[in-house]
Amino acid sequence: MSAAEAGGVFHRARGRTLDAFSSEKEREWKGPFYFIQGADPQFGLMKAWATGDCDNGGDEWEQEIRLAEQAVQAVNKLNPKPKFFVLCGDLVHAMPGIKAVFSGHYHRNAGGTYRNLDMVVSSAIGCQLGKDTHGLRVVVVTAEKIVHRYYSLDELTEKGIEDDLMDLLKEN
């Protein structure tokens, strides 16, 4: 399974919303709840570990994708449903065909390039530890390139995504 096919596995929840977190009633204690924490799907590590080449291997993700799907199915069957699911740790081990890695946790915008791999760190929605504003990064992926831009929450709300990025989405 290719990395592009793998991406399709995880977008099935697109468009779903969780009204509970946007509600004022969530500010008051309503009793016990539970959440699910998963860690280190690390796509690519299982093959790399099996072949003994953890520095270079890991270009196949099939086992990890199957396990991630099993984890999602298991959580979806729980009753009552968890309040939320958080995934921590390493998401990928090897990045077949990947040109950029996007992350956060630094609470400010940062990044760099190493061996043609862009590392893009997006600032926080919440607490800022630098001079950046509360915001989100819009990432447009075409067959030829990856273009990204950080927007403040106010800017994205008031103006939306800029025309040059929207034009990239129209290209065939």
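The values are calculated or read from the model by the stated rules, or taken from the named source; none is laboratory data. All values reported here derive from a predicted model rather than from experimental measurement. Positions of Cβ are backbone-derived with ideal geometry, glycine not excepted, and every protein chain shown enters the neighbour counts. Heavy atoms of the whole protein, side chains included, go into the accessibility calculation; ligands, DNA and RNA do not. Shrake-Rupley method; radii C 1.70, N 1.55, O 1.52, S 1.80 Å.
From the residues in the range 111-127 that are surrounded by 15 or more Cβ atoms within 10 Å (Cβ to Cβ) and not hydroxyl-bearing (Ser, Thr, Tyr), which one is farthest from ALA100 (Cα to Cα)?
Our first condition is that a residue be surrounded by 15 or more Cβ atoms within 10 Å (Cβ to Cβ); within the range 111-127, this holds for 111, 118, 120-124.
Filter once more, so that each one left must be not hydroxyl-bearing (Ser, Thr, Tyr): 111, 118, 120-121, 124.
Values: GLY111: 10, ASP118: 4, VAL120: 7, VAL121: 10, ALA124: 19 Å.
Here the residue is ALA124.
Tell me, yes or no, whether the range 97-105 has at least one residue that is among the aromatic types (Phe, Trp, Tyr), open to solvent by less than 70 Å² (accessible area, probe 1.4 Å) and either out of contact with any Leu (no Cβ under 7 Å at 6 or more places or on another chain) or closer than 24 Å to GLN37 by Cβ (or both). Give the derivation first.
Initially, the range 97-105 is screened for residues among the aromatic types (Phe, Trp, Tyr), giving 102.
Applying the additional criterion that residues be open to solvent by less than 70 Å² (accessible area, probe 1.4 Å) yields none.
There is no residue in the range 97-105 that is among the aromatic types (Phe, Trp, Tyr), open to solvent by less than 70 Å² (accessible area, probe 1.4 Å) and either out of contact with any Leu (no Cβ under 7 Å at 6 or more places or on another chain) or closer than 24 Å to GLN37 by Cβ (or both).
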Problem set entry | Count of the range 2-51 residues which are modelled with pLDDT under 80 and either in a helix (DSSP H, G or I) or within 18 Å of LEU87 (Cβ to Cβ) (or both) | 22
